1. Within 14 Å, Cβ to Cβ, of Asn72, how many net charges do the neighbouring residues add up to if Lys/Arg are +1 and Asp/Glu are -1?
2. Going from most exposed to least, what order do Glu103, Glu175 have by accessible area with a 1.4 Å probe?
3. Leaving ligands, DNA and RNA out of it, report the carbon-plus-sulfur percent of the accessible area of segment 107-167 at a 1.4 Å probe.
4. What is the calculated FRET efficiency for Thr127 to Asn4, with r their C-beta to C-beta distance and R₀ = 45 Å, to the nearest 0.05?
5. Could you name the lysines in cross-link range of Lys117, using Cα to Cα under 29 Å and dropping any fewer than eight places away on the same chain?
6. Full extension from Ala178 to Arg73: what is 0.36 nm times the residue separation minus their Cα-Cα distance, to one decimal in nm?
7. Tell me the net charge near Ile23. Cut-off is 15 Å between Cβ atoms, Ile23 excluded, with +1 for each Lys or Arg and -1 for each Asp or Glu.
8. Per 0.36 nm of contour for each residue apart, how much would the distance between Glu103 and Asp203 grow if the chain were fully extended, relative to their Cα-Cα spacing?
Amino acid sequence: ELVNVTHSYHRETEDSHFTLGPINLRFRPGELVFLVGGNGSGKSTLAKIISGLYMPEKGEIRIDGKPVTDKNRDDYRQLFSAVFSDFYLFENLLGIHTRNVDEQAKTYLDQLHLSHKVKVKDGVLSTTAVSQGQRKRLALLTAYLEDRAFYLFDEWAADQDPLFKDVFYTQLLPELKARGKTVLVISHDDKYFDVADRVIKLDYGKLDGSNVESGQEFASTVIA
């Protein structure tokens, strides 16, 4: 839960300060949420605050009703698997302690349509020299294997072909939701908005409470 969270930074190109918030927002397990808004509306900044990479200047983040502080911030960050637009891909599957990781990776590589190009042996990818869209799929593979509570994807589908974009929205995201994961997707693909439980819109750093979609109905109840 985000309670009156704000964050500001200087925009050199505009010689001005941008302020995100105050944001009041709550996420629940097994929920698929889309975050939408124009370029520069603060979507990626909000995502990095939610995942604990940026700290709020004001307000607080709570997990199960308890504030996130300097003492528990590292533990809080371990709840998240995120693929941002500026991701970096390692050949080693770092920080994954799952048994039979190679077998699990093979299953996901098949699902991600990559098994013909990439293999995994002893937790190491055979190659990362693939297209940008395929690199994003490998980043998604790593996120799947981490098996954390909260998944965050920042414009993940932007580099995917139409076929795999459809797989992502209609198969992979619902599967994560069915596993009880909380999933936040930054997206412009309005064709797939009906897949989400909620669609939250940011307009120049502010939540547009009048344009928040919950299932088939509009509601402001998404604001905590």
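The values are calculated or read from the model by the stated rules, or taken from the named source; none is laboratory data. All values reported here derive from a predicted model rather than from experimental measurement. Note that each Cβ is placed from the backbone with ideal geometry, even for glycine, and that neighbours are counted across all protein chains shown. These accessible areas exclude ligands, DNA and RNA; they are computed on the full protein's heavy atoms, side chains included. Shrake-Rupley method; radii C 1.70, N 1.55, O 1.52, S 1.80 Å.
1. After counting each charged neighbour, the total is 0.
2. Glu103, Glu175
3. Within segment 107-167, the accessible surface is 50 percent carbon and sulfur.
4. My answer for the efficiency is 0.45.
5. Leaving aside lysines fewer than 8 places away in the same chain, those within reach of Lys117 are Lys106, Lys136, Lys165, Lys177, Lys181.
6. 35.1 nm
7. The answer is +3.
8. On the way: separation 100, 0.36 × 100 = 36.00 nm, distance 4.36 nm.
Taking 0.36 nm per residue and subtracting the Cα distance, the gain is 31.6 nm.
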